[in-house]
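Single-structure report; data block below.
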Amino acid sequence: MPVNEFQQPIGSPVDWQPRGLPQRVLLQGRTCRLEPLNTQNHARQLYQAYAQATDSRHWTYMAYGPFANFEDYEKHCAQLASSNDPMHWAVIDTTSGAAVGSLSLMRIDAINGVIEVGHVMFSPLLQGSAMSTEAQFLLMQYVFDELGYRRYEWKCDALNEPSRKAAQRLGFSFEGVFRQAVVYKGRNRDTAWFSLLDSEWPAIKSAFWRWLAPDNFDAQGQQIRPLKVKP
């Protein structure tokens, strides 16, 4: 470990320059693509996709929703679409051409190369599918390969077990819990923190490519080999 002139341990030197901010770009994949969220193009499709759920449990850990009618959701979608941080994308099913979920990049720190994926709201048409994994991969790839950031974060309510499992399946490392970090919907949230680093990305990217390969899926679109991002 490096030390300074006072023999104090210090961090390793980094050859680093601040990076650019995310842009509203289209990210194309095989099963899905990410389009910058647009109210006119996506609001009705997203509302209809979310309406496929049999109940509102998927909104429990979101800071907003569920929405009683399309007009309320349309106003919400317009707010998301106009935001630069978070910056939102719609997930488009390349087979149907319809929007089936959304996610964002947020807490954007271009100076230090740190960014977070958040506001992940996937409809039943997306949940558990190859598209849901590829959508996450496309955003990761943009952050590391195009923007050149150092650290990619995932945070969720510490009680949200499906989100915690998803983070670890996708290669994020658990870092701990920030107690009483947020108040939302009139209740406390302890926040679980996860991260993925640029040094870890090449191996994880290769694992994603292997998993996403067409020959890893049977005729019904079911995976043959599970995603294994870490040894």
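The values are calculated or read from the model by the stated rules, or taken from the named source; none is laboratory data. This is a predicted model, so every value here is computed, not measured. Cβ placement follows ideal geometry from the backbone for every residue including glycine, while neighbour counts extend to all protein chains displayed. These accessible areas exclude ligands, DNA and RNA; they are computed on the full protein's heavy atoms, side chains included. Shrake-Rupley method; radii C 1.70, N 1.55, O 1.52, S 1.80 Å.
Annotations
- Yes/no for Phe144 being over 11 Å from the mean Cα position of the chain (by Cα), surrounded by 14 or more Cβ atoms within 10 Å (Cβ to Cβ) and not in a loop (DSSP other than H, G, I, E, B): yes
- Against the test of being out of contact with any helix residue (DSSP H, G or I) (no Cβ under 6 Å at 6 or more places or on another chain), over 21 Å from Leu105 (Cα atoms) and among the polar types (S, T, N, Q), the options Asn188, Asn160 yield a single qualifying residue, Asn188.
- Extreme residue, nearest to Thr191 (Cα to Cα), among residues of the range 57-74 that are open to solvent by 50 Å² or more (accessible area, probe 1.4 Å), out of contact with any Ser or Thr (no Cβ under 9 Å at 6 or more places or on another chain) and part of a helix (DSSP H, G or I): Arg57
- Matching entry among Asp190, Asp198 (being among the acidic types (Asp, Glu), in contact (Cβ under 8 Å) with a residue 40 or more places away in the chain and open to solvent by 30 Å² or more (accessible area, probe 1.4 Å)): Asp198
- Residue in the range 6-28 that is over 27 Å from Gly113 (Cα atoms) and open to solvent by less than 40 Å² (accessible area, probe 1.4 Å) present: no
- Remark: pairs (first residue in the range 92-119, among the basic types (Lys, Arg); second residue surrounded by fewer than 20 Cβ atoms within 10 Å (Cβ to Cβ) and assigned to a loop (DSSP other than H, G, I, E, B); Cβ separation under 9 Å; 6+ apart in sequence or on different chains) = Arg107/Asp85; Arg107/Pro86.
Results for (1) crowded, with 17+ Cβ neighbours inside 10 Å; (2) over 20 Å from Leu27 (Cβ atoms), shown as yes or no for each residue.
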position	(1), (2)
His119	yes, no
Phe122	yes, no
Leu125	yes, no
Thr133	yes, no
Gln136	yes, no
Gly148	no, no
Trp154	yes, no
Asp157	yes, yes
Lys165	no, yes
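- In the range 18-36, of all residues being assigned to a loop (DSSP other than H, G, I, E, B) and in contact with a Leu (Cβ under 6 Å, 6 or more places away or on another chain), the one that is farthest from Thr94 (Cα to Cα) corresponds to Arg19.
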